[in-house]
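Report on the structure given below.
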Amino acid sequence: MEYSEREATTRHEALLLLVKELVTPQQFQTWFNAVVVETPASGEVRLLAPNPFVRDWISHYYSNVLAEAVRNCFGEDRAITVSVNPALPQVAAIDAPPVREDLVPPTTTAVVPVELPTISDTFLHSDYTFDNFIVGRSNHFAHAAAIAVAEARGQRYNPFFLHGSVGLGKTHLLQAICHEILRRDPRAKITYLSCEAFTNHFIQAVEEGDLTTFRHKYRNVDVLLVDDIQTLRNKDRTQEEFFHTFNTLYNLGRQIVLTSDAPPKEIPDLQERLVSRFQMGLVVELSRPEFETRVAILKRKARMRGKELPDDVALQLADRIETNIRELEGAVVRLLSYASLVDKPITLALAEEALRETGSTRTSAITISDIIDVVAAYYGVKVSDLQGKRRSQSIVFPRQVCMYLARSITKMSLNDIGGYFGGRDHTTVLYAIDKIGREAKNDDETGDVLRRLTRTINGR
Ligand code: ADP
Ligand code: MG
């Protein structure tokens, strides 16, 4: 049967409305919101998804839903196809043949036998896993996509480009992908690093005239994950080098994962050919968490530190801090340490007091929780242990390192610092700072570790 254009449009809307009735609002929002329906003369029903990930997901999980909606809409069964919307920009690139002239790197790297560490240049934070990532409407899609990338690396969503503003979980998801890949294949060669580290390493290699080792290192991995790729802006030679690194890995079918504070097109001073490469796979945005997700995150962050946050307190904090999950977490940390410092139960009134006492939330300055997070990850201990009462040497030393770094990096008083570590008093903190300071002077290794930790903390 032929429809007029107007009739067809109404049918298409009706079909989507029928789908909407069969799934939850969240599912609809995530998977069907950007889907376009077409009914060509051939009689089939064609769904156009915004990207290959949505296409695969819908075909895989929603075929029954679609069949039912189509039956209700057209009064008969019809063939249903799901494809990627050709009107959207990323499609042209992804359908292009995988190997093209301009994708071949200009230099062939000699094969140098180098021992490759599994994870180089930086370390993974043990809390940044998929399990610890709270999922809500704002990040459901990014979370699902990250899992899909970890499960089928190098195959479908390459590169995976995750963007969003500061403190929304990009680094968390990036590291969760690393954890998951390593869990599935402990021998996977993963290089995960910040774009700054890549840049520094490149500059060093140029200065030392040793690009061969550099290229070997970055072009021989199974997975390359680069955090904060927007810092490539303005760095022409590094962009050039990254372009070739990218192409080599891409052509070998290796997974590339990138994060940025903006989508590829909006990164200023990024070469056009990089913009188009970055858009070839799956580009996903992490948006600001909605209220319910913020509440859930607050409660989880408190629980990870061994405390329950009462509902009214969680609601109040979630109401007040809207834009940034790192700030939410900072507020929890401040509140818990304040409560332990003054030794009072966590109530609304205490929360008011704690947040007033310790100043309003800051976005850019480094907080003690940044320091604790990095130290915990480095020593492989739990944040809650660092902040708790245990006295075993494996905890005491990292805890003292935290205190030392807190004093040297932040402007906190000794008492405030003690408050973050189970309400210890200023003499304990002073002792720790003294001891670590002395060790750093007498022992090169400790000095190195402190410098490395400081760099990582500053680079977060
Ligand atoms: P970004 O890299 O985007 O600036 P991060 O990944 O560093 O942000 O996240 C900031 C903090 O917020 C981290 O401690 C992270 O664990 C936490 N966080 C972000 N999103 C979530 C989430 N959905 N669930 C739990 N914690 C989250
Ligand atoms: Mg980050």
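The values are calculated or read from the model by the stated rules, or taken from the named source; none is laboratory data. Since the model is a prediction, treat every value here as computed from it, not as a measurement. When we count neighbours, we look across all protein chains shown, and the Cβ atoms used for this are built from the backbone with ideal geometry, even at glycine. When the accessible area is computed, the model is the full protein with side chains, heavy atoms only, and any ligands, DNA or RNA have been set aside. Shrake-Rupley method; radii C 1.70, N 1.55, O 1.52, S 1.80 Å.
Scanning the range 5-37 for residues that are β-branched (Val, Ile, Thr), closer than 19 Å to THR81 by Cα and open to solvent by 40 Å² or more (accessible area, probe 1.4 Å) turns up THR9, VAL36. Residues that are closer than 16 Å to GLY281 by Cα and at pLDDT 90 or above are absent from the range 180-201. Scanning the range 255-265 for residues that are more than 16 Å from ligand 1 (Cβ to nearest atom) and surrounded by fewer than 20 Cβ atoms within 10 Å (Cβ to Cβ) turns up just one, LYS265.
When you go through THR238, THR248, THR231, THR259 one by one, which is the residue that is β-branched (Val, Ile, Thr) and closer than 16 Å to GLN155 by Cα?
Working: THR238 fails: closer than 16 Å to GLN155 by Cα; THR231 fails: closer than 16 Å to GLN155 by Cα; THR259 fails: closer than 16 Å to GLN155 by Cα.
Being β-branched (Val, Ile, Thr) and closer than 16 Å to GLN155 by Cα holds for just one of THR238, THR248, THR231, THR259, which is THR248.
Which fully enclosed helices (runs of 4 or more DSSP H) of the range 328-429 have 1 or more residues being in the same structural domain as GLN316 (by TED's automatic domain parsing)?
Numbers: elements: 348-357, 368-379, 383-386, 393-409, 414-420.
Answer list for the range 328-429: 348-357.
Exactly one of (1) charged (D, E, K, R); (2) open to solvent by 40 Å² or more (accessible area, probe 1.4 Å); (3) within 16 Å of ligand 1 (Cβ to nearest atom) is unmet by GLU327. Its number? Just one mismatch for GLU327, condition (2). Of all the residues in the range 225-240, those that are crowded, with 23+ Cβ neighbours inside 10 Å and either more than 16 Å from ligand 2 (Cβ to nearest atom) or not assigned by TED's automatic domain parsing to the domain that holds CYS178 (or both) number 0. Kindly evaluate THR259 against the criterion of being among the β-branched types (Val, Ile, Thr), within 16 Å of ligand 2 (Cβ to nearest atom) and at pLDDT 95 or above. Spelling it out, THR259 is indeed among the β-branched types (Val, Ile, Thr), within 16 Å of ligand 2 (Cβ to nearest atom) and at pLDDT 95 or above.
Residues checked against (1) among the hydroxyl-bearing types (Ser, Thr, Tyr); (2) open to solvent by 20 Å² or more (accessible area, probe 1.4 Å); (3) in contact (Cβ under 8 Å) with a residue 60 or more places away in the chain; (4) within 20 Å of ARG451 (Cα to Cα):
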{"site": "ILE366", "(1), (2), (3), (4)": "no, yes, yes, yes"}
{"site": "ASP373", "(1), (2), (3), (4)": "no, no, yes, yes"}
{"site": "ALA377", "(1), (2), (3), (4)": "no, no, yes, yes"}
{"site": "LYS382", "(1), (2), (3), (4)": "no, yes, yes, no"}
{"site": "GLN387", "(1), (2), (3), (4)": "no, yes, yes, no"}
{"site": "GLN393", "(1), (2), (3), (4)": "no, yes, no, no"}
{"site": "PRO398", "(1), (2), (3), (4)": "no, no, no, yes"}
{"site": "CYS402", "(1), (2), (3), (4)": "no, no, no, yes"}
{"site": "LEU405", "(1), (2), (3), (4)": "no, no, no, yes"}
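The residues on offer are VAL295, VAL313, and the sole one that is without any contact (Cβ under 8 Å) to a residue 60 or more places away in the chain, surrounded by 16 or more Cβ atoms within 10 Å (Cβ to Cβ), under 24 Å from LEU350 (Cβ atoms) and more than 14 Å from ligand 1 (Cβ to nearest atom) is VAL313.
Does any residue of the range 311-320 turn out to be of a type outside the set (Gly, Ala, Ser), closer than 19 Å to HIS140 by Cβ and assigned to a helix (DSSP H, G or I)?
The first filter runs over the range 311-320 and keeps only residues of a type outside the set (Gly, Ala, Ser), leaving 311-313, 315-317, 319-320.
When the remaining residues are screened for being closer than 19 Å to HIS140 by Cβ, the result is none.
Within the range 311-320 (the criterion being of a type outside the set (Gly, Ala, Ser), closer than 19 Å to HIS140 by Cβ and assigned to a helix (DSSP H, G or I)), the answer is no, since none of the residues qualifies.
Counting the residues of the range 129-142 that are within 16 Å of ligand 2 (Cβ to nearest atom) and surrounded by fewer than 21 Cβ atoms within 10 Å (Cβ to Cβ) gives 3.
Of all residues in the range 267-288, those satisfying the criterion of being of a type outside the set (Lys, Arg) and within 16 Å of ligand 1 (Cβ to nearest atom) are ILE267, VAL283, VAL284, GLU285, LEU286, SER287. For the range 361-374, the condition holds for no residue, the condition being that it is away from ligand 2 (no atom under 16 Å from the Cβ), among the β-branched types (Val, Ile, Thr), in contact with a Pro (Cβ under 7 Å, 6 or more places away or on another chain) and modelled with pLDDT of 85 or more. Can you tell me which of GLY437, GLY419 is modelled with pLDDT under 85 and away from ligand 2 (no atom under 16 Å from the Cβ)? That would be GLY419, the only listed residue that is modelled with pLDDT under 85 and away from ligand 2 (no atom under 16 Å from the Cβ). Scanning the range 56-67 for residues that are at pLDDT 85 or above and over 15 Å from GLU13 (Cα atoms) returns VAL65, ALA67.
Residue-wise test of (1) open to solvent by less than 60 Å² (accessible area, probe 1.4 Å); (2) among the hydrophobic types (A, V, I, L, M, F, W, C); (3) modelled with pLDDT under 80.
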{"position": "GLY75", "(1), (2), (3)": "no, no, no"}
{"position": "GLN90", "(1), (2), (3)": "yes, no, yes"}
{"position": "GLU115", "(1), (2), (3)": "no, no, yes"}
{"position": "ILE119", "(1), (2), (3)": "yes, yes, yes"}
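Counting the residues of the range 145-170 that are more than 14 Å from ligand 2 (Cβ to nearest atom), under 13 Å from the mean Cα position of the chain (by Cα) and open to solvent by 10 Å² or more (accessible area, probe 1.4 Å) gives 1.
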